[in-house]
1. If we scan segment 51-73, do we find a residue that is at pLDDT below 95, in a loop (DSSP other than H, G, I, E, B) and surrounded by 13 or more Cβ atoms within 10 Å (Cβ to Cβ)?
2. What pairs can you find where one residue is in segment 129-152 and of a type in the set (Phe, Trp, Tyr), the other is in a loop (DSSP other than H, G, I, E, B), and their Cβ atoms are less than 8 Å apart, with a gap of 6+ or different chains?
3. Just for segment 155-164: of the residues that are under 22 Å from THR110 (Cβ atoms) and surrounded by fewer than 17 Cβ atoms within 10 Å (Cβ to Cβ), which one is farthest from the chain's Cα centre (by Cα)?
4. Check every one of the strands (runs of 3 or more DSSP E) wholly within segment 74-165 and list those with 3 or more residues that are closer than 15 Å to ARG4 by Cα.
5. Any residue at all in segment 76-87 that's touching a helix residue (DSSP H, G or I) at 6+ places or on another chain (Cβ under 8 Å), surrounded by 12 or more Cβ atoms within 10 Å (Cβ to Cβ) and among the small types (Gly, Ala, Ser)?
6. Quick check on my filter: what residues within segment 80-119 are among the β-branched types (Val, Ile, Thr) and either free of Cβ contacts under 8 Å to residues at least 12 places away in the same chain or touching a strand residue (DSSP E or B) at 6+ places or on another chain (Cβ under 9 Å) (or both)?
7. Please specify each residue of segment 32-50 satisfying the condition of being assigned to a helix (DSSP H, G or I) and surrounded by 11 or more Cβ atoms within 10 Å (Cβ to Cβ).
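The values are calculated or read from the model by the stated rules, or taken from the named source; none is laboratory data. Everything numeric here is computed off the predicted structure, so don't read it as measured data. A quick note on method: Cβ atoms are made from the backbone with ideal geometry, for glycine too, and the neighbour counts reach across all protein chains shown.
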Amino acid sequence: MHIRVLGAYLPRLDQAGIGKFIQEDVDRFKQTLFELIDSGTIKRDREEVEERALELPEELEYDLQRCALFELEITGNETDFDPSEYGNPDSGGLGWDPAFLSLDGTAVVTEAYKAPASLRDFRVAFYVHDWVLPGRLIGPGGELELPPFSPVPERLWILAPYSCVD
């Protein structure tokens, strides 16, 4: 298996991107829960949803100011690929909330916490919490060489959205 770091991103380098993501995420949260309430799938009060929606921006903002997002290219995979095996030994943060993408990085190919061995060539994007510069990303094969950090590309805000740790 060959692993190459394609991108190292700090959400905090794009405050407008963070603001846009948070607003859209909170809107999706409310819409989804209201639809589930209306369909009878969940029994919640609409007021509870509105109260939770007021808490989310602060939680998301806090996390996004302190995390890093990495995009790796994996070729020749033959085992289950687990992004939680990658992390920063200095902070203890591990790969979180992975998005497994097509090799060209334009589409999600599977939604899981691990990529199956049958997925041979792909990209994976994942977050690492409590990232302090310069930081180190280490996996089972050792330390990975990181490119300079840059803002999160628009496509990754969409394909690999951040989720709060509950």
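1. Within segment 51-73 (the criterion being at pLDDT below 95, in a loop (DSSP other than H, G, I, E, B) and surrounded by 13 or more Cβ atoms within 10 Å (Cβ to Cβ)), the answer is no, since none of the residues qualifies.
2. Close Cβ pairs (under 8 Å, with a partner that is in a loop (DSSP other than H, G, I, E, B)) amount to TRP131/LEU10; TRP131/ARG66; TRP131/CYS67; TRP131/ASN88; TRP131/SER91; TRP131/GLY93; PHE149/LEU10; PHE149/LEU133.
3. Quick first cut of segment 155-164, residues under 22 Å from THR110 (Cβ atoms) only: 155-163.
Next, only the ones that are surrounded by fewer than 17 Cβ atoms within 10 Å (Cβ to Cβ) stay: 155, 158, 161, 163.
Working: ARG155: 12, ILE158: 10, PRO161: 5, SER163: 7 Å.
My answer is ARG155.
4. Details: elements: 95-101, 108-110, 122-128, 137-139, 142-144.
Per the criteria, 122-128, 137-139, 142-144.
5. Keep residues of segment 76-87 that are touching a helix residue (DSSP H, G or I) at 6+ places or on another chain (Cβ under 8 Å), which gives none.
There is no residue in segment 76-87 that is touching a helix residue (DSSP H, G or I) at 6+ places or on another chain (Cβ under 8 Å), surrounded by 12 or more Cβ atoms within 10 Å (Cβ to Cβ) and among the small types (Gly, Ala, Ser).
6. Result: VAL108, VAL109, THR110.
7. Step one: of segment 32-50, the residues assigned to a helix (DSSP H, G or I) are 32-39, 46-50.
Passing the criteria: THR32, LEU33, PHE34, GLU35, LEU36, ILE37, ARG46, GLU48, VAL49, GLU50.
Each row is one residue, and each column tells you yes or no for (1) farther than 23 Å from TYR62 by Cα; (2) touching a Ser or Thr at 6+ places or on another chain (Cβ under 9 Å).
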site	(1), (2)
ALA8	no, yes
ILE18	no, no
GLN23	no, no
THR41	yes, no
ARG44	yes, no
